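Report on the structure given below.
What follows draws every value from the coordinates through simple rules; no lab data is involved. Just so it is clear, the structure is predicted and the values come from calculations on it, not from any experiment. Using ideal geometry, Cβ is built from the backbone for each residue, glycine included, and neighbour counts are taken over all protein chains shown.
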Amino acid sequence: MKLAVIGDPIKHSLSPVVHGAILEQLKLTHEYQKIQVKKGELERFLRFALEENLSGFNLTMPHKIDIFPYLEDIDEEARRFGAVNTVRVSNGKFYGYNTDADGYALALKQAGRSFAGKRIILLGAGGVARTLALKAGFSGADQIWILNRTASAAEEICQDVIRETGVKAVAADMDRETMRQVCCGGELLINATPLGMEGVTANFSDFSFLDSLSQDSVVSDLIYHPEKTLLLKQAEDRGLSVFNGLGMLVFQAMLADEIYTGKAIDKEGIFSKVCDIVKNG
Ligand code: NAP
């Protein structure tokens, strides 16, 4: 099976390691390439994918939306999220899927939680925040608060969530006092910004907002490098449950591999082995 991940930048993508680890556990012979495809170069890559007989490919920035016109069919979730991260190639045609949201939902389930009935606080309003906000809405969240540096981006996602899911969604700023107020009674906080990521100098300047969360709440960071961000350390110090972005990374890849192979994967069964390989590789 020949697979690839495309994007720009792509140098630091862990996809070859993650998919390699999963497909190795399944004893499937495979080739997984990392290909730099710049904005506007999708068509050229798609011709290459057909010539090279790729079974499928993963997409990252800046192609998750640009791929839409080239797809023969789009999975319902991907259509709802307006973003595709997985393409299956079959009989010369391209089929689009989105495994990001279900990947996160599986990581959340592994932490013994779900979106249903929760007051959710999302920090950031980029592509992934949008997907997770919609997923939370479709999964029966009670209310979703989206806090972002640029208010208009959070406001846009809130409008989409309300229109698509009917769930209450409110945009707010990321200043100290607003964060403290919004976090009051919060049950699931998700960091979907790069604050705290290795190589990023910026970080939250104050963590007192964590004091306002419910005592049984969970704080999750989509970042997996470092393994434990300062946000997660501060949350743990306050006795809150935490998990990082590795689960989402691994589960979304397993879901993509199920699409490529057409076979169910014992995801929980191979999860820790795959994580170990990813952490060491
Ligand atoms: P994105 O579209 O670039 O959005 C980034 C968001 O972070 C924007 O809302 C941006 O705010 C905010 N932000 C950036 N720098 C900031 C700063 N210095 N202070 C405050 N806010 C800042 O990124 P994305 O694709 O949604 O990804 C978001 C995060 O998830 C990244 O850390 C990424 O590594 C991680 N991620 C993890 C997985 C996984 O599998 N675990 C998968 C995908 C992404 P503005 O709107 O104001 O610019």
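Along Cα→Cβ, 7 Å out, is where each label goes; now give me the distance between the ones at residue 27 and residue 280 in nm to one decimal.
It works out to 2.1 nm between the two label points.
Using the Karplus equation 6.51 cos²θ - 1.76 cosθ + 1.60 (θ = phi - 60°), what ³J(HN,Hα) coupling, rounded to whole Hz, does each residue of segment 212-219 give in order, writing x for Gly and Pro?
Residue by residue, segment 212-219 yields 7, 5, 4, 5, 9, 7, 10, 10 Hz.
Looking only at the chain, where both bridge partners belong to it, what percent of the DSSP beta bridges are antiparallel (to the nearest 5)?
Here the share of antiparallel DSSP bridges comes out near 20 percent.
List, in the order given, every pair from 11/39; 93/135; 39/64; 135/168; 64/118; 2/263 whose Cα-Cα distance in the structure shown is over 18 Å.
With Cα atoms farther than 18 Å apart: 93/135; 64/118.
What net charge is computed for the residues neighbouring residue 73, neighbours being all others with C-beta under 12 Å from the C-beta of residue 73, Lys and Arg scored +1, Asp and Glu -1?
It works out to a net charge of 0.
Pop out the ³J(HN,Hα) list for segment 145-150 in order, Karplus 6.51 cos²θ - 1.76 cosθ + 1.60 with θ = phi - 60°, rounded to Hz; leave Gly and Pro as x.
10, 10, 9, 8, 4, 9
Please list 3J(HN,Hα) in residue order for segment 71-78, calculated via the Karplus relation 6.51 cos²θ - 1.76 cosθ + 1.60 where θ = phi - 60°; whole Hz, with x for glycine and proline.
8, 5, 8, 10, 4, 4, 4, 5
Work out the charge dipole of segment 51-157 with +1 on the Cβ of Lys and Arg and -1 on the Cβ of Asp and Glu about the Cα centre, then indicate which of 96, 128, 146 is farthest towards its positive end.
146
Given H placed on each backbone N at 1.01 Å, which residues far from residue 188 in sequence or on other chains put an amide H within less than 5 Å of it?
The list, which skips near neighbours in sequence, is 119, 121, 218.
If I take R0 = 51 Å and measure r between the Cβ atoms of residue 203 and residue 44 in this structure, what FRET efficiency does the formula 1/(1 + (r/R0)^6) give, to the nearest 0.05?
According to the calculation, E is roughly 0.85.
Starting from the Cα coordinates of segment 196-281, work out the convex hull volume and express it per residue in Å³.
Each residue corresponds to 125 Å³ of Cα convex hull volume.
If each of residue 241 and residue 177 carries a label point 7 Å out from its Cα toward its Cβ, how far apart are those two points in nm?
3.4
Please list the non-local residues whose amide H lies under 5 Å from the amide H of residue 171, H modeled 1.01 Å from N, same-chain partners needing a gap of 5 or more.
Residues meeting the amide H criterion: 146.
If packing is taken as the average count of other Cβ atoms within 10 Å, what order do 1-7, 179-185 fall into, highest mean first?
Per-residue mean Cβ counts within 10 Å order the peptides as 1-7, 179-185.
Determine the calculated [θ] at 222 nm for the chain from helices alone, applying -39500 (n - 2.57) to every DSSP H run no shorter than 4 residues and normalising by the residue count; nearest 500 deg cm²/dmol.
Taken over the chain, the calculation gives -12000 deg cm²/dmol.
What is segment 1-64 by shape, rounded, prolate or oblate, if you read a ≥ b ≥ c off the alpha carbon gyration tensor as root eigenvalues and call it rounded for a/c under 1.5, prolate for a/b larger than b/c, and oblate otherwise?
Oblate is the answer for segment 1-64, as a/c is 1.5 or above yet b/c matches or exceeds a/b.
With bins 5 Å wide starting at 0, give me the P(r) of the chain over every alpha carbon pair, in whole percents.
1, 6, 12, 16, 19, 16, 13, 9, 5, 2, 1, 0
So what's the net charge close to residue 37: Lys and Arg +1, Asp and Glu -1, counting the other residues with Cβ under 9 Å from its Cβ?
Local charge sum for residue 37: +1.
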